[in-house]
Amino acid sequence: NKLRAFAENKGYSLSGGRSPFLFKEDAPEEGSGEPDTIVVNFSQPSFQAKFVYNLEGNDYLKYVAGNPHVDRETGEQIRVKNVIVQITDIVNVGGEPGHVAVRTTGEGQAFYFLDGKGISGTWRREGVDDPFAYLDQDGAPVKFNRGQIWVCFVPSEENLAATSLGD
């Protein structure tokens with residue numbers, strides 16, 4: 001109830017159905033990519049995220065620090081339909097190690113992973129109250145598979161390796 005009241009106070013619609021993401025049907029198995037492994041290096045090995053494409057479910061199994069990333073409630077390994085890697089400015093703000101500021105406005109390079117394929121593109125966001133625009137190389141909005149979307153922010157393309165991108 002408190003969350004709903006807070007959202008109403010901020011002017012958010014509670015009627016739903018207004019996602020900033022565009023969705024599509026999953027690619028048929030014959031239209032899906034080859035086995036794909038995506039590795040996102042955030043800072044040190046204990047924070048490394050890995051996503052391994054699962055053709056049977058047309059999703060990605062998530063690993064952290066080399067181990068299956070398991071949902072605390074269900075005990076099942078986390079599976080996502082889409083992975084977004086946004087390249088942006090990330091700076092240490094001092095104080096405790098790991099306290100960083102992440103730029104989430106403006107624009108930058110992005111990589112999208114769905115259906116076992118990697119897509120290069122860009123992201124854009126005017127202000128902190130605006131939704132992100134996720135665009136392919138031609139500037140068209142990316143259409144994601146229905147389901148979970150995992151977003152990773154990293155400071156450089158060097159923090160990303162993916163077999164579907166030729167790495």
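The values are calculated or read from the model by the stated rules, or taken from the named source; none is laboratory data. Note that the structure is predicted; figures quoted are calculated from it, not measured. Reconstructed Cβ throughout: ideal geometry from the backbone, glycine too, with neighbour counts over all protein chains shown. The protein model used for the area step is the full one, side chains on, heavy atoms only, and it has no ligands, DNA or RNA in it. Shrake-Rupley method; radii C 1.70, N 1.55, O 1.52, S 1.80 Å.
Just to be sure, is Val91 open to solvent by 30 Å² or more (accessible area, probe 1.4 Å), of a type in the set (Val, Ile, Thr) and farther than 25 Å from Ala133 by Cα?
no
Okay, residues lined up against (1) among the aromatic types (Phe, Trp, Tyr); (2) touching a strand residue (DSSP E or B) at 6+ places or on another chain (Cβ under 9 Å); (3) more than 30 Å from Ala65 (Cα to Cα):
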{"position": "Arg4", "(1), (2), (3)": "no, no, yes"}
{"position": "Leu14", "(1), (2), (3)": "no, no, yes"}
{"position": "Ser19", "(1), (2), (3)": "no, no, yes"}
{"position": "Glu29", "(1), (2), (3)": "no, no, no"}
{"position": "Ala49", "(1), (2), (3)": "no, yes, no"}
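Quick one: which residue in Gly57, Gly66 is of a type outside the set (S, T, N, Q), out of contact with any helix residue (DSSP H, G or I) (no Cβ under 6 Å at 6 or more places or on another chain) and at positive phi?
Gly66
State all residues of segment 32-50 that are surrounded by fewer than 11 Cβ atoms within 10 Å (Cβ to Cβ) and either small (Gly, Ala, Ser) or without any contact (Cβ under 8 Å) to a residue 60 or more places away in the chain (or both); if no residue qualifies, say none.
Hits for segment 32-50 are Gln44, Pro45, Ser46.
Looking at segment 63-105 only, could you name the residues that are of a type outside the set (D, E, K, R), touching a residue at least 40 places away in the same chain (Cβ under 8 Å) and in a strand (DSSP E or B)?
Val80, Asn82, Val83, Ile84, Val85, Gln86, Ile87, Ile90, Val102
Go through segment 125-155 and count every residue that is open to solvent by 40 Å² or more (accessible area, probe 1.4 Å) and β-branched (Val, Ile, Thr).
The total comes to 3.
What number of residues within segment 84-114 satisfy the criterion of being among the polar types (S, T, N, Q) and farther than 30 Å from Leu55 by Cβ?
Residues meeting the conditions: 4.
What are the residue pairs meeting all of these: first residue in segment 123-144, first residue under 20 Å from Pro155 (Cα atoms) and modelled with pLDDT of 95 or more, second residue surrounded by 12 or more Cβ atoms within 10 Å (Cβ to Cβ) and of a type in the set (Asp, Glu), Cβ atoms under 7 Å, and 6 or more apart or on different chains?
Trp123/Glu107; Arg124/Glu107
If you go through segment 6-26 one residue at a time, do you hit one that is surrounded by 15 or more Cβ atoms within 10 Å (Cβ to Cβ) and either farther than 25 Å from Asn145 by Cβ or not hydrophobic (A, V, I, L, M, F, W, C) (or both)?
yes
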